[in-house]
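One structure is given here, and the rest of the page talks about it.
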Amino acid sequence: PGPRVHRRTLTVEEVEREVAPGVRQTLWTFGGTAPGPVLRGRVGDTFEITLVNDGSIGHSVDFHAGALAPDRPMRTIGPGRSLTYRFTATRSGVWMYHCSTMPMSLHIANGMFGAVVVDPPGLPSVDREYLLVQSEMYLGRQGGTADADKLGAEEPDAVVFNGYAGQYSHDPLTARVGERVRVWVLDAGPNRSSAFHVVGGQFDTVYEEGAYRLRPDGPGSGGAQVLGLAPASGGFVELFFPETGTYPFVSHVMADAERGALGAFAVTR
């Protein structure tokens with residue numbers, strides 16, 4: 001099929017959500033969730049995004065997947081206003097989008113981020129595919145917004161995958177023995193790097209920031225143990241599980257794993 005046009009409305013909403021057991025925060029979101037909705041397409045596709053600000057303060061959006069002058073599409077709009085942001089995906093990867101209104105770190109830390117997946121040409125099918133977005137939480141009072149002082153001091157209370165501390169330890173991702181599993185990972189930050197690792201697993205495919213670093217049909221017999229990502233970078237890994245069991249995954253920045261950047265795969269036959 002030829003290039004497609006993806007039209008989507010992202011509505012800024014202020015919502016109170018549980019972000020860890022017994023902990024509630026008021027988040028600034030794209031579409032009511034943090035991370036925001038996942039957008040996906042192919043190289044050559046056009047994305048036409050309408051941003052609607054139903055919040056109480058000014059917000060904006062910056063799509064890293066589009067190369068264009070930021071002056072107008074990334075401008076801050078006030079409550080009750082909207083704008084249309086149009087870009088063509090010219091390069092593959094998993095790209096961050098986020099609010100770029102200052103202080104940008106606070107808007108990101110309070111939930112305004114998400115992922116755009118642009119498939120590499122010829123991306124093969126796999127048996128299972130997951131997307132994990134790592135981010136940090138700088139908790140304010142119960143039901144409040146992020147604590148700017150903790151954020152400025154780079155002292156997160158939690159580091160999480162997909163917006164909730166430790167959720168995949170209690171509700172593991174699933175796979176079967178011998179299946180090829182692809183895991184896309186985006187580090188939304190705003191401050192901490194990620195080192196994605198599956199305990200008991202080895203990666204035979206690593207795609208990082210738009211390029212393959214390792215492929216199963218490449219020369220030699222090498223493998224990889226971690227996908228290392230700076231804030232605002234992303235990629236994917238692939239692996240298969242040789243036997244049944246529970247395979248934890250973590251950010252191997254161990255202090256962050258202990259803050260909540262962990263989960264597990266439950267592997268069955």
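Some points to look at:
- Identity of the residue in the stretch 178-208, acidic (Asp, Glu) and touching a residue at least 40 places away in the same chain (Cβ under 8 Å), that ends up surrounded by the most Cβ atoms within 10 Å (Cβ to Cβ): 187
- Enumeration of residues in the stretch 209-232 that are surrounded by 12 or more Cβ atoms within 10 Å (Cβ to Cβ) and not in a loop (DSSP other than H, G, I, E, B): 212, 213, 214, 224, 227, 228, 229
- Filtered by the rule that a residue be assigned to a strand (DSSP E or B), polar (S, T, N, Q) and within 20 Å of residue 4 (Cα to Cα), the stretch 82-119 gives 84, 88.
- Failed item in (1) at pLDDT 95 or above; (2) assigned to a loop (DSSP other than H, G, I, E, B), with residue 248 passing the rest: (2)
- Residues located in the stretch 4-61, provided they are within 24 Å of residue 139 (Cβ to Cβ) and small (Gly, Ala, Ser): 20, 22, 31, 32, 34, 36, 55, 56, 58
- Among the residues examined, residue 145 does not qualify as assigned to a strand (DSSP E or B), touching a strand residue (DSSP E or B) at 6+ places or on another chain (Cβ under 6 Å) and modelled with pLDDT of 95 or more.
- Restricting the stretch 83-94 to residues that are of a type outside the set (Phe, Trp, Tyr) and surrounded by 14 or more Cβ atoms within 10 Å (Cβ to Cβ), the residue that is farthest from residue 122 (Cα to Cα) is 83.
- For the stretch 1-43, the candidate set comprises residues that are out of contact with any Ser or Thr (no Cβ under 7 Å at 6 or more places or on another chain) and among the small types (Gly, Ala, Ser); within that set, the residue that is farthest from residue 83 (Cα to Cα) is 22.
The values are calculated or read from the model by the stated rules, or taken from the named source; none is laboratory data. All figures in this text were calculated on a predicted structure; none of them were measured in a lab. Positions of Cβ are backbone-derived with ideal geometry, glycine not excepted, and every protein chain shown enters the neighbour counts.
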